[in-house]
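The block underneath contains the structure these notes are about, expressed in structure tokens.
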Amino acid sequence: MNKAITDGLVFMPPPFSAGLGVWSSGDGTAGSDTYAGSANGAFVPADQNFTGCLEVVKTSATTRVRYMGQTPILPGCYLQVTVRVKAVSGALPAVRIAGLPVDQGVGALTGVPLETDATPLTAYGEVVTIRKIIGTGNRQGVDLVWTNADYAYIGLDLTGPNGGVVRIDDIEIEDVTGVFLRDMVGYVDVRDYGAVGDGVTNDYAAFEAADADANGRTVLVSAGTYFLGNHTTIQSEIDFAGGTVTMPDDKRLLLQRNYDYPTYLDAFGNEELAFRKAFQALLNYTDHDSLDLCGRRVALSGPMDLQAAEGSRKTFHVRRIIRNGLLEPAQGSDWTPTVVTAQASYDAASPYRLTNVANVGQIQVGSLVEGSGVGREIYVRAVDVAAAEVTLSQQLYDAEGTQTFTFTRFKYLLDFTGFDDVSLFGFADIDFNCAGQASGVILSTAGLCYRFRDCFFTRPADRGITSPGAGCRGMQIDRCQFLSNEQALTAPERTTVAINVSSNDAKIRDNRVVMFKYFAVMAGSGYIIANNHWFAGDTVSDGVRNNGLIFTSPNVCSTVVGNYIDTWGIEWTNEHDASPAIGQQFSFGGLTITGNFFVVNDGADWYRFITLKPYGPGHFINGLTICDNVFRAFSGYIDRVEMIDTTFADMNHAAHRNFTMRDNVFHGIREEVSNPLDVVHAQATPERVWTVGPFDGLPFGGRSFAVESLTTRGRVADAADEAVYDSPWIDPGYGAGGRQFRVVWKVDTTGSIRARVRIDEPL
């Protein structure tokens, strides 16, 4: 690159033969003395070494020769000044390149060197060539660094003893930028704009100036460590060609043209710091909606507090995505969960609060709460140290009074709990490779529509995705894999949980989940659980099996459809209710379970696919559909597919409403159940009252609440074998547990009937 060629700039001064009126004996500025007609300078037209030269008699401590033209000094342009001199007589002086740099807006620059080291002349008649380079960038080989100069008055100085006579050949000034940069076309180097790269000097202004002047070219950050003490935005392409940057934690580097993780890694030279600064930029208007890790691996030395990484805000409600890479923990002790035990009091009148909490200052937001009467997957949503209170994500079913609770804070690769509210944040194609050391992601305590798509949660130590509050509202988890760290353990030994949801409207679709204690603990309502494959068996024959999908709200308003459910069934409770007995709330309803495949391998006779577990008395089914499913047991039989767990309470079987269980397929199941249930009864001896049942085929131990239809099968006759044409009346809910019904005729009769029996009152 040569500006004289590309831009038509003139750097070369005129020869001395053109006249000495443009050669100053002062600083070169307009009005300074010239060598034209001076007493100590003259043009020599013929010399054995030079074709015309300036002969100067040294008469002062510093005798100057300056070209009075304004030589342009441009960022990225480097000028080589060449001077050839010889001593003719008298004292031998020294020679140095010198000049006066000028900023048009300021005037003569101060604080910069104005001359190079001097070269002594040691013999008469010997031609000495002096070459020095001038430029704006502080790079190796540049002798005079004149950052911010617009032009300069350039020439030489004679120093040393007076009285000597020196002849000076025509001074040459050439563009030698190509010596420094392999190809200046398309690049602007931050050093050309004054960047020092010593890790201490604030190079922010140089970066901004280079970016402003790039005009479609790439900003080049050559070797060095550049301290940026201010928020820095680069709108151009940037290439960290051996150079790195350092910044205060609260300052942002926004790379708007090539915003991706590899560029931040080049910029900061440390993968964890690069990820932190890239995330900081993601939330601060990089003009990009996503951070692309470009398939790179990022090792984290400890949990990444994302709010601390961003540093300036507590809420964020704009769609952002992190995609295409792998996050994993580095070896170390920072992943060990923090466990605090503390005495606290609970009152069902304030169902989301623990009061008089000892050691409250040690309890962290996002801690799992365990204790007597505490349901599954309840977390600390907020801590008020001054009031000694802890806010819970869910209610406690039986914890009234004072007791000691355990608060366990798992350590997550990515931790959003420092934010008050985050919405519309997503992850796509990320492998959260927890390596048995870390958990995956913990959400903010409030928010909307987190999304995980095509991600892997590989071997989480404790949890995959945790919601400690309402941040999971509207969450979407699609096409992800959850691979347990406990696959070698038996089902009762497992402790890890793939997902918990504390609020409403989550969509969990097309995922594959392997051998956790629980697949998902769902504490709200409005869920779509569709087309997933979850399985959790072990090699123990007839061993204990956990349930995989746990609903903890009695009215879930949800659907479970099209899933493959292997040895890891569905459990439905109301354990997150401080008053679990039936009251004014809706009871167990609003759930459809349709089109699923339920399978179990080598299951015990007592294994069940669907379990209802009320934590208080009086509850009943009030809107449940279980249709078009396949239930299959391999390597043996199980007794039935459903049950009510009466550990805490049974259900009110006289109150069931709107329950349908039909059109299911049963293989390897001893008792096929249905509601309504079609039954056949044959009466061989004449009786006026036929007692029909009990019926093991009614689900959930239900009573014969209603007979919605009854037809005779052929002829019904009286004791004299005369045909009976009268219709009987039906007496349902008869016998022990109401599991029979009676058919009452006008006279003693024999014959056969088909009846359709229900455990509920259809609406």
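The values are calculated or read from the model by the stated rules, or taken from the named source; none is laboratory data. Everything numeric here is computed off the predicted structure, so don't read it as measured data. Cβ coordinates were reconstructed from backbone atoms using ideal geometry, including for glycine residues, and neighbour counts include every protein chain displayed.
Considering the stretch 654-676, the residues that are buried (at least 18 other Cβ atoms within 10 Å of the Cβ) and among the polar types (S, T, N, Q) include one that is nearest to E642 (Cα to Cα), namely S674. Can you find a residue that is under 30 Å from W745 (Cα atoms), assigned to a strand (DSSP E or B), among the small types (G, A, S) and over 44 Å from the mean Cα position of the chain (by Cα) anywhere in the stretch 654-661? No, the stretch 654-661 contains no residue that is under 30 Å from W745 (Cα atoms), assigned to a strand (DSSP E or B), among the small types (G, A, S) and over 44 Å from the mean Cα position of the chain (by Cα). For V679, only one of the following conditions fails: (1) within 30 Å of A604 (Cβ to Cβ); (2) surrounded by fewer than 16 Cβ atoms within 10 Å (Cβ to Cβ); (3) β-branched (V, I, T). What is its number? Checking V679 against (1) within 30 Å of A604 (Cβ to Cβ); (2) surrounded by fewer than 16 Cβ atoms within 10 Å (Cβ to Cβ); (3) β-branched (V, I, T), the one that fails is (2).
For the stretch 476-485, the criterion of being out of contact with any strand residue (DSSP E or B) (no Cβ under 6 Å at 6 or more places or on another chain), at pLDDT 95 or above and within 23 Å of G311 (Cβ to Cβ) is met by no residue. Picking from residues in the stretch 355-405 that are out of contact with any Phe, Trp or Tyr (no Cβ under 7 Å at 6 or more places or on another chain) and among the hydroxyl-bearing types (S, T, Y), the one that is surrounded by the most Cβ atoms within 10 Å (Cβ to Cβ) is Y379. Within the stretch 429-444, identify whether any single residue is assigned to a strand (DSSP E or B), within 21 Å of R409 (Cβ to Cβ) and of a type in the set (D, E, K, R), and answer yes or no. Within the stretch 429-444, not a single residue is assigned to a strand (DSSP E or B), within 21 Å of R409 (Cβ to Cβ) and of a type in the set (D, E, K, R). Would you call A491 more than 19 Å from Y379 (Cβ to Cβ), buried (at least 24 other Cβ atoms within 10 Å of the Cβ), modelled with pLDDT under 95 and not polar (S, T, N, Q)? Against the criterion (more than 19 Å from Y379 (Cβ to Cβ), buried (at least 24 other Cβ atoms within 10 Å of the Cβ), modelled with pLDDT under 95 and not polar (S, T, N, Q)), A491 does not qualify.
Counting only strands (runs of 3 or more DSSP E) wholly contained in the stretch 233-322, the ones carrying 2 or more residues that are more than 16 Å from V422 (Cβ to Cβ) and not hydroxyl-bearing (S, T, Y) occupy 238-240, 243-246, 253-255, 297-300.
Within the stretch 10-34, the only residue that satisfies the criterion of being acidic (D, E) and either in contact with a Gly (Cβ under 8 Å, 6 or more places away or on another chain) or more than 13 Å from I154 (Cα to Cα) (or both) is D33. Residue pairs whose Cβ atoms lie under 9 Å apart, separated by 6 or more positions or on different chains, with the first residue in the stretch 229-251 and in contact (Cβ under 8 Å) with a residue 60 or more places away in the chain and closer than 17 Å to Y285 by Cα and the second in a loop (DSSP other than H, G, I, E, B) and small (G, A, S), are D250/G311; D250/S312. Among all residues of the stretch 323-337, there is at least one that is buried (at least 19 other Cβ atoms within 10 Å of the Cβ) and either of a type in the set (S, T, N, Q) or in a loop (DSSP other than H, G, I, E, B) (or both). Residues that are in contact (Cβ under 8 Å) with a residue 40 or more places away in the chain number at least 3 in the following strands (runs of 3 or more DSSP E) confined to the stretch 362-407: 380-384. Going through (1) closer than 21 Å to A18 by Cα; (2) touching a residue at least 60 places away in the same chain (Cβ under 8 Å); (3) not basic (K, R) one by one, T51 falls short only on (2). Yes or no: A241 more than 29 Å from the chain's Cα centre (by Cα) and within 17 Å of G137 (Cα to Cα)? Here the answer is no, as A241 does not meet what is asked.
A single member of Q80, Q140 is under 60 Å from the mean Cα position of the chain (by Cα), at pLDDT below 95 and of a type in the set (S, T, N, Q), and it is Q140. Scanning the stretch 561-589 for residues that are under 21 Å from M643 (Cβ atoms), aromatic (F, W, Y) and in a loop (DSSP other than H, G, I, E, B) returns a single hit, W568.
Of all residues in the stretch 688-711, those satisfying the criterion of being surrounded by fewer than 16 Cβ atoms within 10 Å (Cβ to Cβ) and farther than 30 Å from A604 by Cα are R688, V689, T691, E708, S709, T711. Considering the stretch 477-516, the qualifying strands (runs of 3 or more DSSP E), each wholly inside and each with 1 or more residues that are charged (D, E, K, R) and farther than 15 Å from C434 by Cβ, run over 507-509, 512-514.
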